[in-house]
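The values are calculated or read from the model by the stated rules, or taken from the named source; none is laboratory data. Worth saying up front: this structure is predicted, and the values here are computed from it rather than measured. A quick note on method: Cβ atoms are made from the backbone with ideal geometry, for glycine too, and the neighbour counts reach across all protein chains shown. Accessible surface areas use protein heavy atoms only, side chains included; no ligands, DNA or RNA. Shrake-Rupley method; radii C 1.70, N 1.55, O 1.52, S 1.80 Å.
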Amino acid sequence: MLPALLIAAALALGVPSLSFVSPTPNQIIAGPKVVVKIAVANFALVDYKTHPKLVPGQGHLHLWLDQTKPTKASAVKAVSPTYTFQNVKPGSHALIAELVANDHTSLVPPVTAAVKFTTSATPSSNQLSLLIPIVIAFLSLTLALYFVSTTKPKTGKPARKSRTKTSKSRSRK
């Protein structure tokens, strides 16, 4: 409840703020992909490459995943409130976000947020729910093709005997 009150106070004063929408504190995320969503208030996120000039109230995000000594150089620079970390190993993780100016300097006072979460190697239920119909369809198709290729059509006519060529040639009279 306290972070919500701080954000409400920051909004009232026009002070920049940020908070994690996801991951949430102590969330368990299945799989190696971590989608980060950040709520930013009273601050415009812009691409620092195309907006290098310092403008009050605009900048970008610095993100640090599992870094004990975060630096500007080691930060992931994000110009959107959504960022996806790929290939995150299973285990406990700490994520820090900071709003920074276009030149990568911290705001005064610094505006940061942190969250701890866990990832597991288990695929999510969404991934499993997509995999099951694919496997069933593949097995059904395989069985159908097997039975089609091994059964002979029944036409009601006796099967024709194939003619074999003899080594002797017939002579005409």
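If you filter the range 50-93 down to residues that are under 21 Å from G31 (Cβ atoms) and of a type in the set (V, I, T), you find that the one that is nearest to the chain's Cα centre (by Cα) is T84.
Here T142 passes the criteria (1) part of a helix (DSSP H, G or I); (2) modelled with pLDDT under 70; (3) of a type outside the set (D, E) except the one numbered (2). Residues in the range 55-79 that are open to solvent by 30 Å² or more (accessible area, probe 1.4 Å) and out of contact with any Phe, Trp or Tyr (no Cβ under 9 Å at 6 or more places or on another chain): V55, P56, D66, Q67, T68, K69, K72, A73. Taking first residues from the range 17-41 that are on the phi > 0 side of the Ramachandran plot and partners that are modelled with pLDDT of 95 or more and open to solvent by 40 Å² or more (accessible area, probe 1.4 Å), the Cβ contacts under 7 Å between residues at least 6 apart in sequence or on separate chains come to N26/K116.
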